[in-house]
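S.K.: Before we start, here is the structure in question, set down as structure tokens.
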Amino acid sequence: MHELSIAISIVDLAAEEAALRGSAQVLAVHLRLGSLSGVVKEALLSCYEMACARTPLEGSQLLIEEVPLEVFCPECQAGRRIASLEPLCCPACGTPCSEVIRGKELELVALEITA
Amino acid sequence: MSAEPRLVEVRKNVLKQNDIVARALRDGFRKNGVFVVSLVSSPGTGKTTFLEKMLTSLRPRAKVAALVGDLATENDAARLARSLAPVKQITTGTICHLEAAMIQNALRGWDVGPLDFLFIENVGNLVCPSSYDLGEDLRLVLLSVTEGEDKPLKYPTIFNSADVAVITKLDLAEAVEFDAAAADKNIRAVRPGMPVLSLSAKTGQGMAEFLEFLETRPRNREAVALSPGSR
């Protein structure tokens, strides 16, 4: 359960980025969260409000876009989306795939701010 | 001046700060030729026993040191100090994982330059440590024979973030009817191609092979091999 540390990192980064843009208030934070990021969406959402307390993000919303896992299949020479985290095999040909293309994201994509 | 809300693009990794510190650590380690190995596992897998044996075996022929993370107590550092290698405990309080900044702080005042190997024992936890780069060259994930062969399937994220799997407590394998083939299959299901080494730190079985594996790892690699994505 490290989602509170992650929520605090999100708030710190968002506050820093908002300040750089001369913003007084952050209304919403848009986050991309990969299924292999090691961070649980529900836990993160439940910590977020606490992390925002007494910061410029107080009252803001956390909007999470989940990113499914995608691996590169060396046999098909193509990216393949994988429904669960195991096994990491190509859904088309069954070849084990170790190269993760997408799904590790923990990225602050955008902020909704007031000037 | 308008108070209309506007959307601004940021596109930054939330753990940017950790990654920056980890990168600085890694650069420093590489410049000095220090090979850094981290250990992750659930509590009770035998990280400390394994590490103590590694330090003791390596010490006559290499300069080694260790950092060890726990929520509380200096017990592990005291145990590891028996190897006569320099050891420092990182007590994390209530934090369930190590972060790059904790490594940086722990190393303050330490001259890592002369080291050949630095070991970092993470807090016993198969969930949270997966998200944090510590600047290591090699991340070992340990799985003891008493834990059940399906652990990799239950905790795919941490197994996927590691470079090598180490099966520990091999001396108990028969007693607990450990199915090595199933464990191997499960590890490779979540991390295709990952090297798997089995050993018993207690009896020494497999230790020589592991140390040989460790000592023949290429140093000063350009990128962390086998480890796609953020690590």
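Derivation of every value follows stated rules applied to the coordinates shown; laboratory data play no part. The shown structure was predicted, so the numbers you read here are calculated from the model rather than taken from an experiment. We place every Cβ from the backbone using ideal geometry, glycine too, and count neighbours over all the protein chains shown.
S.K.: Output needed for chain B: three equivalent-ellipsoid semi-axes, defined as square roots of 5 times the C-alpha gyration tensor eigenvalues, in descending order, whole Å.
M.R.: So the three semi-axes of chain B are 30, 23, 17 Å.
S.K.: Sticking with this structure for a sec: Using only the alpha-carbon atoms, how far is helix A:41-52 inclined from the longest principal axis of chain A? Give it as 0 to 90 degrees, nearest 10.
M.R.: With both axes taken from Cα atoms, the answer is about 20 degrees.
S.K.: Taking 2.2 N^0.38 Å as the expected size of a compact globular protein, what ratio does the Cα radius of gyration of region B:7-65 give against it, to two decimals? Show your work: numbers first, answer last.
M.R.: On the way: Rg = 17.3 Å, N = 59, 2.2 N^0.38 = 10.4 Å.
Region B:7-65 yields a ratio of 1.67.
S.K.: In which sequence would B:Thr168, A:Thr55, B:Thr48, B:Thr203 go, from the one with the fewest C-beta neighbours within 10 Å to the one with the most?
M.R.: Ascending number of Cβ neighbours within 10 Å: B:Thr203, A:Thr55, B:Thr48, B:Thr168.
S.K.: Please label the shape of region B:66-172 as rounded, prolate or oblate, based on the square roots a ≥ b ≥ c of the eigenvalues of the alpha-carbon gyration tensor (a/c under 1.5 means rounded; beyond that, a/b larger than b/c means prolate, else oblate).
M.R.: Taking the square roots of the gyration eigenvalues as a ≥ b ≥ c, region B:66-172 is prolate.
S.K.: Could you compute how fast region B:55-102 diffuses translationally, taking Rh as the Kirkwood radius over C-alpha pairs and applying Stokes-Einstein at 20 °C with viscosity 1.002 mPa s? Give it in µm² per second.
M.R.: Stokes-Einstein gives a translational diffusion coefficient of 187 µm²/s.
S.K.: Principal axis lengths of chain A from Cα atoms, whole Å, largest first?
M.R.: So the three principal-axis extents are 52, 28, 15 Å.
S.K.: Same structure again: How large is ³J(HN,Hα), in whole Hz, for each residue of region B:173-182 in order, when computed from phi with the Karplus curve 6.51 cos²θ - 1.76 cosθ + 1.60 and θ = phi - 60°, using x for Gly and Pro?
M.R.: Values per residue, Gly and Pro as x: 4, 5, 4, 9, 6, 5, 9, 4, 5, 5 Hz.
S.K.: If we restrict to alpha carbons, what Rg and Dmax does the protein assembly as shown come to, in Å?
M.R.: 21.2, 75
S.K.: Can you flag which of A:Lys104/B:Lys31; B:Lys154/B:Lys185; B:Lys47/B:Lys169 are past 21 Å Cα-Cα?
M.R.: Too far apart for the 21 Å limit: A:Lys104/B:Lys31.
S.K.: Over the alpha-carbon set of region B:119-227, divide Rg by the Kirkwood Rh and report the Rg/Rh ratio to two decimals.
M.R.: Radius of gyration over Kirkwood radius for region B:119-227 works out to 0.95.
S.K.: So who's got an amide H within less than 5 Å of the one on A:Gln25, skipping anything under 5 residues away but keeping other chains? H placed 1.01 Å off N, in plane.
M.R.: HN-HN under 5 Å from A:Gln25: A:Thr114.
S.K.: Normalised by the number of residues in region B:140-195, what is the relative contact order in percent for Cα pairs under 8 Å and 6+ residues apart?
M.R.: 47 percent
S.K.: May I pose another question? Calculate how large, on average over all directions, the projected area of the Cα convex hull of region B:4-125 is; give the answer in nm² to one decimal.
M.R.: 9.8 nm²
S.K.: May I pose another question? At 222 nm, what helix-only mean residue ellipticity would chain B give, in deg cm²/dmol to the nearest 500, using -39500 (n - 2.57) for each DSSP H run of four or more? If you can, show how the numbers build up before the last one.
M.R.: Details: 8 runs with 73 residues, N = 231.
Mean residue ellipticity at 222 nm (helix-derived): -9000 deg cm²/dmol.
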